[in-house]
DNA sequence: CTCCATTGGATAGTGTTACTCTCTAATCTT
DNA sequence: AAGATTAGAGAGTAACACTATCCAATGGAG
């Protein structure tokens, strides 16, 4: 397929596809002449991924470039990809050693092994530090609750990563991390809305709801 | 306190404070003369909140304006605030009725009550639809897992909202929703990194880890 | 073979967002 | 009286993500 068809299949305007090509986000097509190149399904998929990372995960193009580089780099494993590749908000601020220590204690409590250059540690420390500065501190108890919930969730997620093919595995991991984040956030808000509503109507008993869905 | 001190206490440059005042993000100080106004701690807190919503939650200024309007509006309850106020990514795309139906089924399975104009329903549908288009569909089974985890988390969170004071309650709910999102995301990534690492080293047994933190 | 649409490649322009700067006149401090 | 600070208004700027225009080469229709 060539440019017009690629644009049509992906829903991305021709001018923007050219821009992504220039920017190195989209690999070039197979040149068939001086003014023609052939694209294939992989280009369509890549374009859709770029748009999803931008629109749904809210990444900027330089972050998307970084993510794609990791996906394309055959030498990175899933764990490395998860640890270093995904840095959605750049952590530029000061470290705040107190928050950093709290994060390290959390990691130790759960006996997690985390790469020393993992951005996730910094972004968590930063978020906790900001919550402190807003006089809305996060108790360790609540952190552990989050860790428990996320550990369960992550276990199921990692189980669903294909193990046969490295490329598919890393792509699955990256998509499953970055693009599922808004899914989790939305579900959390829906649950908060429900529970908040339930408290208002006087139904104050806790843990009464089934832990498993109805009619499941 | 006046401008210079407000700027110093909040860490926001004078020019930016003036810009926020003009933009209606920061309420004006009490004017003491034609070229002077008095600010107080509430202005410092508001500025810190604005920066946190922008830097940590990634909201744009118009979204922050909307959030602040809800916080300031005495007539909105917590549930309303959670349902409608928080629309971090504007859902402008087409509806995709299939994804919408999946979300409605999820909500019904869990017997959640959701406001008919809740943005959360749309943003979840949009995220699911995008995952489909990436050939990375989200099974209902996994959605239920997420719902279970988020229901547990939300229950603890809503319990921690103060009930005596409406203003503090809504602020707590909004901060606890928007600014805790990156906390959850970071913890999820740390857990994913750990579990992914564990799978690599051949420790394939599931659910072996303590559900409660060590030394807790 | 001619003619016109399409393409690759390059460059320049646009709209949005979030500030940042400059200026003026009034006022405060010393 | 003099220098600094401020409110308020407007213009300027930097980053980002496109979007438009141009050109020469090519491909396909007739």
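The values are calculated or read from the model by the stated rules, or taken from the named source; none is laboratory data. Because the structure is predicted, anything quoted here is derived from the model rather than measured. Every residue, glycine as well, gets a Cβ built from its backbone with ideal geometry; the counts of neighbours run over all protein chains shown.
Out of all the residues in segment A:16-39, which are touching a helix residue (DSSP H, G or I) at 6+ places or on another chain (Cβ under 9 Å) and closer than 21 Å to residue A:68 by Cα? Listed by number, the residues that qualify are A:16, A:17, A:18, A:20, A:23, A:24, A:25, A:26, A:27, A:28, A:29, A:39.
Among the residues that make up segment A:188-196, is at least one of them modelled with pLDDT of 95 or more and under 17 Å from residue B:189 (Cβ atoms)? Taking every residue of segment A:188-196 in turn, at least one turns out to be modelled with pLDDT of 95 or more and under 17 Å from residue B:189 (Cβ atoms). Quick one: which residue in A:90, A:76, A:84 is in a loop (DSSP other than H, G, I, E, B), at pLDDT below 95 and away from DNA strand C (no atom under 16 Å from the Cβ)? Result of the check over A:90, A:76, A:84: A:76. Looking across A:26, A:49, one residue alone is more than 8 Å from DNA strand D (Cβ to nearest atom), within 15 Å of the chain's Cα centre (by Cα), at negative phi and at pLDDT 95 or above. It is A:49. I'm checking my understanding of the structure. Among residues of segment A:101-128 that are in contact with a helix residue (DSSP H, G or I) (Cβ under 8 Å, 6 or more places away or on another chain), free of Cβ contacts under 8 Å to residues at least 12 places away in the same chain and not in a helix (DSSP H, G or I), which one is surrounded by the fewest Cβ atoms within 10 Å (Cβ to Cβ)? Applying the filter and picking the extreme gives A:113. Would you mind stating whether residue A:48 is within 25 Å of residue B:129 (Cα to Cα), within 11 Å of another protein chain (Cβ to nearest Cβ) and more than 8 Å from DNA strand C (Cβ to nearest atom)? Taking the combined requirement at face value, the residue satisfies it. Do we find a residue being over 28 Å from residue B:124 (Cα atoms), near DNA strand D (Cβ under 10 Å from one of its atoms) and in contact with a strand residue (DSSP E or B) (Cβ under 9 Å, 6 or more places away or on another chain) anywhere in segment A:3-20? There is no residue in segment A:3-20 that is over 28 Å from residue B:124 (Cα atoms), near DNA strand D (Cβ under 10 Å from one of its atoms) and in contact with a strand residue (DSSP E or B) (Cβ under 9 Å, 6 or more places away or on another chain). Just so you know, in segment B:53-64 the residues that are more than 9 Å from DNA strand C (Cβ to nearest atom) and closer than 18 Å to residue B:81 by Cα include one that is surrounded by the fewest Cβ atoms within 10 Å (Cβ to Cβ), and it is B:57. Consider segment B:129-138 and keep the residues that are assigned to a helix (DSSP H, G or I) and at the interface with chain A (Cβ under 7 Å from one of its Cβ atoms). The one that is surrounded by the fewest Cβ atoms within 10 Å (Cβ to Cβ) is B:133.
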